[in-house]
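K.L.:
Dumping the structure here so I can ask a few things about it.
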Amino acid sequence: MSIALDLARASYRGISLYSPDRTPCAIDLSDNTNLWGVPPGAARAVREAFASSITRYPPLYATALKEALAGYLGVPGDMIVTGCGSDDVLDSAIRAFAEPGDMIAFPDPSFAMIPIFARMNGLETAPIPLEDGRDIDADAMLATQARIIYLCSPNNPTSTALDISAIERIVERAPGLVILDEAYAEFATRNGLSLLERSERLLITRTMSKAFGLAGLRIGYAAGAPALVAEVEKSRGPYKVNALAERAAMTALGEDLPWVRDRVAELQANRARLAAELTALGLEPMESSANFCFVPTSRADELARGLRTGGIAVRPFTDLPSSIARFHDTSGAALRITVGPWEMMEPLLDVLATLTGIRR
Ligand SMILES: *Cc1c(COP(=O)(O)O)cnc(C)c1O
């Protein structure tokens with residue numbers, strides 16, 4: 001064994017780097033970012049901040065940004081914690097609320113980073129198959145007695161919103177922390193914010209990477225009881241939101257909000273239209289509450305490769321739990337396609353029509 005491997009934590013030996021295919025592509029529909037681009041005010045704020053503020057450290061714990069985010073969600077400022085993307089907030093929360101050896105339970109399939117963060121923090125994992133591919137099995141999750149239960153709604157990659165009563169049931173009965181990842185809340189018709197009033201064990205994570213178009217600046221946050229978010233902040237550490245990100249986020253939450261809301265409305269219209277067109281091509285997208293369509297199909301790999309050749313990137317999945325009927329029928333394969341401006345959806349549909357041999 002090499003010296004470096006010998007020096008490293010034993011529990012890190014099986015961890016590999018997160019490596020989805022990020023080869024540049026003319027039309028990239030693979031990572032669920034905002035395909036309309038950066039909100040105009042935020043773009044200007046970054047240029048101005050670049051000129052004035054990057055020789056100094058940013059605010060320690062992003063106090064002004066927390067106030068702006070609190071205003072956006074309609075909660076008090078002391079209920080917010082920020083981070084370098086919601087990935088950082090999730091990782092920090094896992095570290096703050098579980099000791100190595102404790103267990104984290106999560107739906108399967110769900111956000112691919114969770115098992116990675118679990119291993120980075122020495123946790124045992126309990127993946128619980130999504131019932132019929134779209135709803136969580138609340139009792140199976142509770143039966144794990146896990147120290148942390150992670151839920152994601154709308155769920156990535158399935159695009160479906162979880163049943164709110166199942167979420168409530170878990171929040172009421174869980175023995176430990178419940179994380180509700182709402183990275184795609186802006187695209188859905190409901191969210192779990194009202195549950196915060198009823199539970200001090202619930203942490204809702206959000207991001208500015210999806211609806212707000214700022215993925216490259218890495219801004220995430222969470223809302224929860226003040227004592228809960230204070231623990232996340234301890235494990236997160238100071239200076240995690242950089243000065244450019246802070247300025248862009250503040251502007252995006254202020255003057256850019258109408259722009260963001262208009263793009264979300266356009267996305268929702270395009271999502272319905274795309275789902276109808278995919279169905280006409282013989283595909284079966286699941287009902288989406290997010291900014292992407294999820295299409296279980298045994299031809300996922302072949303279609304993704306064909307689209308790539310046509311200059312379009314989508315995200316193929318191949319190992320979905322085949323205990324779930326929806327994925328059993330497709331040998332565990334599916335495509336995830338980010339919804340964008342309609343000019344990007346047309347070439348996608350044209351190539352898919354060629355690949356499926358069905359005329360549009
Ligand atoms: C994209 C995504 C995130 C990560 O967002 P960042 O804020 O960019 O780190 C978190 N959760 C889910 C489910 C996501 O899809």
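The values are calculated or read from the model by the stated rules, or taken from the named source; none is laboratory data. Source: prediction; values computed, not measured. We place every Cβ from the backbone using ideal geometry, glycine too, and count neighbours over all the protein chains shown. Only protein heavy atoms, including side chains, enter the accessible area calculation; ligands, DNA and RNA are left aside. Shrake-Rupley method; radii C 1.70, N 1.55, O 1.52, S 1.80 Å.
K.L.:
Please give me the summed charge of the neighbours of Leu320: other residues whose Cβ is under 12 Å from its Cβ, Lys and Arg +1, Asp and Glu -1.
P.N.:
Once positives and negatives cancel, what remains is -1.
K.L.:
Another one. Just for the Cα atoms in segment 239-360, what are the lengths along the principal axes, largest first, rounded to whole Å?
P.N.:
Projected onto the principal axes, the Cα atoms of segment 239-360 cover 47, 33, 27 Å.
K.L.:
Along the positive direction of the dipole of segment 227-286 (beta-carbon charges: Lys, Arg +1; Asp, Glu -1; about the Cα centre), which of Ala269, Met286, Leu257 reaches farthest?
P.N.:
Selected residue: Leu257.
K.L.:
Let me ask something else about it. Residues of the chain: accessible area per residue at 1.4 Å, in Å²? Show your work: numbers first, answer last.
P.N.:
Working: 15660 Å² over 360 residues.
I get 44 Å² per residue for the chain.
K.L.:
Given a cut-off of under 8 Å on Cα pairs at least six residues apart, what relative contact order in percent is computed for the chain?
P.N.:
23 percent
K.L.:
Packing-wise, with mean Cβ within 10 Å as the measure, how do 197-210, 24-37 rank, highest first?
P.N.:
Values: 197-210: 21.4, 24-37: 17.7.
My ranking of the peptides, most packed first, is 197-210, 24-37.
K.L.:
Oh, and also: Take the solvent-accessible surface of the protein heavy atoms, probe 1.4 Å, and return the percent of it on the chain that carbon and sulfur atoms account for.
P.N.:
Carbon and sulfur atoms account for 52 percent of the accessible area of the chain.
K.L.:
Choose one of Pro59, Gly77, Ile104: the residue whose Cα lies farthest towards the positive end of the charge dipole of segment 48-105 (beta-carbon charges +1 Lys, Arg; -1 Asp, Glu; about the Cα centre).
P.N.:
Pro59
K.L.:
Under 37 °C and 0.692 mPa s, how fast does segment 211-266 diffuse according to Stokes-Einstein, given a Kirkwood radius computed over C-alpha pairs? Answer in µm²/s, whole number. Let's see the in-between values first.
P.N.:
Working: Rh = 13.0 Å.
D, rounded to a whole number, is 253 µm²/s.
K.L.:
Determine the dipole magnitude for the chain: charges of +1 sit on the beta-carbon of Lys and Arg, -1 on that of Asp and Glu, nothing else is charged, the reference point is the Cα centre, and the result goes in debye to the nearest 20. Mind dumping the intermediate values first?
P.N.:
Working: 35 positive and 44 negative charges, 159 e Å.
Dipole magnitude for the chain comes out near 760 debye.
K.L.:
If you keep only loop residues by DSSP, which trypsin sites (Lys or Arg not before Pro) in segment 33-102 have at most 13 other Cβ atoms within 10 Å of their Cβ?
P.N.:
Arg56
K.L.:
For Lys66, go through the lysines and keep the ones whose alpha-carbon is under 18 Å away, minus same-chain ones fewer than eight residues off.
P.N.:
Answer for Lys66, where 18 Å is the Cα cut-off: Lys234, Lys240, listed by chain and number.
K.L.:
Normalising by the residue count of segment 217-351, find the relative contact order in percent from Cα pairs under 8 Å and 6+ residues apart.
P.N.:
Working: 144 pairs, mean separation 27.2, N = 135.
Answer for segment 217-351 is 20 percent.
K.L.:
At 25 °C and 0.890 mPa s, what whole-number value in µm²/s does Stokes-Einstein give for the translational diffusion of segment 131-237, with Rh from the Kirkwood sum over Cα pairs? Present the calculation step by step, with values, prior to reporting the outcome.
P.N.:
Values: Rh = 14.4 Å.
Calculated translational D: 170 µm²/s.
K.L.:
I'd like the accessible area for Arg326: 1.4 Å probe, protein heavy atoms, all chains in place, Å² to the nearest 10.
P.N.:
About 70 Å², rounded to the nearest 10.
K.L.:
For segment 307-360, what does the convex hull of the Cα positions come to per residue, in cubic angstrom? Could the numbers behind the result be given before it?
P.N.:
Values: hull volume 5.4 nm³, N = 54.
Taking the convex hull of the Cα positions in segment 307-360, it is 99 Å³ per residue.
K.L.:
Can you pull the semi-axes for the chain, root of five times each eigenvalue of the Cα gyration tensor, sorted largest first, whole Å? Working shown, then result.
P.N.:
Details: eigenvalues 192, 141, 87 Å².
In descending order, the three semi-axes are 31, 27, 21 Å.
K.L.:
Another question about this same structure. Provide the packing ranking of 269-281, 158-170, i.e. peptides ordered by the mean count of other C-beta atoms within 10 Å per residue, highest first. Show your work: numbers first, answer last.
P.N.:
Values: 269-281: 16.3, 158-170: 20.0.
My ranking of the peptides, most packed first, is 158-170, 269-281.
K.L.:
Hey, got the dipole for segment 244-351? About the Cα centre, +1 on K and R Cβ, -1 on D and E Cβ, debye to the nearest 20? Write out the running numbers ahead of the final one.
P.N.:
Values: 11 positive and 15 negative charges, 39 e Å.
With only Lys, Arg, Asp and Glu charged at Cβ, the dipole is about 180 debye.
K.L.:
Cys152's amide H: which non-local residues (gap 5+, or another chain) put their own amide H closer than 5 Å, with H modeled 1.01 Å from N in plane and none for Pro or chain starts?
P.N.:
Asp181
K.L.:
Okay, moving on. Using per-residue counts of other Cβ atoms within 10 Å, averaged over each peptide, order 245-253, 283-291, 71-79, 316-324 from highest down. Provide the component values of the computation, followed by the final result.
P.N.:
Numbers: 245-253: 24.3, 283-291: 21.3, 71-79: 14.8, 316-324: 17.1.
Result, highest mean first: 245-253, 283-291, 316-324, 71-79.
K.L.:
Something else: Among the DSSP beta bridges whose two residues both lie in the chain, what percent are antiparallel, rounded to the nearest 5?
P.N.:
Values: 18 of 38 bridges.
Just about 45 percent of them are antiparallel.
K.L.:
Report the charge-dipole magnitude of segment 94-154 in Debye, nearest 20, computed about the Cα centre from +1 at each Lys and Arg Cβ and -1 at each Asp and Glu Cβ. Walk me through the intermediate numbers first.
P.N.:
Details: 4 positive and 9 negative charges, 70 e Å.
Computed about the Cα centre, the dipole is about 340 debye.
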